Structures are given as structure tokens and as C-alpha cells.
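Presented below is the structure to which this report refers.
The values are calculated or read from the model by the stated rules, or taken from the named source; none is laboratory data. These numbers were taken from a predicted model, which means no experiment stands behind them. In this analysis, Cβ positions are derived from the backbone assuming ideal geometry, glycine residues included, and neighbour counts consider all displayed protein chains. Only protein heavy atoms, including side chains, enter the accessible area calculation; ligands, DNA and RNA are left aside. Shrake-Rupley method; radii C 1.70, N 1.55, O 1.52, S 1.80 Å.
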Amino acid sequence: MSAVPDAPLQNYRAEFAPMTANALDAVMAIEQAAYAYPWTRGNFADSLRAGYEGRLLRTSERLLGYYMAMKGVDEVHLLNITVAPDCQGQGLGACLLESLAAWSLAQGAQWLWLEVRASNEGAQRLYQRQGFRRVGLRKGYYPAGPGPREDAIVMSRPL
Ligand SMILES: CC(C)(COP(=O)(O)OP(=O)(O)OC[C@H]1O[C@@H](n2cnc3c(N)ncnc32)[C@H](O)[C@@H]1OP(=O)(O)O)[C@@H](O)C(=O)NCCC(=O)NCCS
């Protein structure tokens, strides 16, 4: 576990910690509150079993957010990043992305990749501020209720 030096987190006395199976009740509570189409508990458990990098941002009292990422050859693919709805808009998403970038660099990765819903403009703004650029489009990538599936924008940033 490591202390977090970033200014927005001082108010929270927050720390990063590895995501383990013990954390999945708290993770799922945030996941289900944050998305219309959340990951299942099985998605997280499978990711942990596969050795993906799951990281929590938490205080001694509660979970604030988390990410899950998969290392490839010279890139890391961000699979999920989520901040608890009542904690969004305070810089925690940016802190999670900075932590991911530092971990990815330490793994020897040269690129970060992610997909984001075309309608998720808030997340896209955050990714752009963090140096991501749009590099592609996956048509009909996400479920979207009874209507047509939603496109994913593919973004990447060099490390
Ligand atoms: C996307 C997500 C992870 C971003 O996390 P976040 O903690 O809200 O992100 P940040 O606070 O770092 O940045 C978001 C906004 O807060 C603003 N902000 C950052 N620090 C701030 C502060 N100290 N005070 C006020 N506003 C601040 C940013 O400028 C940004 O504003 P913008 O939307 O106008 O560009 C989060 O909103 C989330 O979990 N959303 C639901 C799930 C989701 O969409 N995940 C991404 C799927 S690809």
C-alpha cells in the first residue's frame, strides 16, 4: 500500500491498495451505482484470477474508486475506471489515471489504451486532459438497451 501525495486527496487521507477478492462487495456497490451496464462480480473475479492489475483508492472508512487494467506487450489496456458517484468531479479520476500511468511505466509499457462510450463526454474530457487522443472507433461495441448498440471511441496516450 502506498500513500498518495496528490493535493486533491489530502482531504480524504486516501491510499492506493491492490484490489483483492475481499474488496468485491465494496467494488460492486460502486460499480452498480455508477453504470447503467455495470461489470458483473464475475468480470472482476475473472480479471483478478487472470492476473490483471486491479487497484483501489480508499480511505480507512470507505472505497472511493478503482481501476482494472491488463498488460499487453508494450501497452497497458485500461478495462475499467470508476469513482464513487458522490466523490466524482474532485480530481480522483485524474489521480487514478496518474497511478495507472506510473504503474504502466514501471511495467515497461509505452502506451495506454482504452475504450469509452461515445456518449460519455465527461470521461473523454478527463482522458484528453490526461494526454489521451482518439485513435479509432469500434462500431456497436457497447450494449445500449433496446436500441442499437453504442459505439466505442478508442483512445491512447504515450507514456
Ligand atoms: C469518469 C470518472 C472515472 C472520472 O472520475 P472523476 O473523479 O469524476 O474525475 P475528475 O474529478 O478527475 O475529473 C472530472 C471533472 O472534475 C473536475 N475537477 C477535477 N478536480 C476538481 C476539483 N478539485 N474541484 C472541482 N472540480 C474538479 C475536472 O475538471 C473534470 O471536469 P469536466 O468534466 O468539466 O472536464 C468518473 O466520473 C466515473 O466513475 N464515472 C462513471 C463511470 C465511467 O464513466 N467510467 C469511465 C468509463 S470509460
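Note on the stretch 73-114: residues that are near the ligand (Cβ under 9 Å from one of its atoms) and either in contact with a Pro (Cβ under 7 Å, 6 or more places away or on another chain) or of a type outside the set (S, T, N, Q) (or both) amount to 16. Contact annotation: residue pairs with Cβ atoms under 7 Å, 6 or more positions apart or on different chains, pairing a residue in the stretch 22-45 that is in contact (Cβ under 8 Å) with a residue 24 or more places away in the chain with a partner that is in a helix (DSSP H, G or I) and open to solvent by 50 Å² or more (accessible area, probe 1.4 Å), are Ala33/Pro85; Ala34/Pro85; Ala45/Ala21.
Of Ala144, Ala106, all but one fail to be at pLDDT below 95, of a type outside the set (Phe, Trp, Tyr) and over 14 Å from Tyr67 (Cβ atoms); the exception is Ala144. In the set (1) closer than 21 Å to Ala23 by Cβ; (2) modelled with pLDDT of 95 or more; (3) among the polar types (S, T, N, Q), the condition left unmet by Gln124 is number (1). Residues in the stretch 134-150 that are outside any strand (DSSP E or B) and small (Gly, Ala, Ser): Gly145, Gly147. When the helices (runs of 4 or more DSSP H) confined to the stretch 1-115 are screened for residues that are over 30 Å from Glu150 (Cβ atoms) and either small (Gly, Ala, Ser) or open to solvent by less than 20 Å² (accessible area, probe 1.4 Å) (or both), those reaching at least 1 such residues are found at 92-106.
For Asp151, the conditions (1) away from the ligand (no atom under 14 Å from the Cβ); (2) surrounded by 13 or more Cβ atoms within 10 Å (Cβ to Cβ); (3) farther than 17 Å from Ala69 by Cα all hold with the exception of (1).
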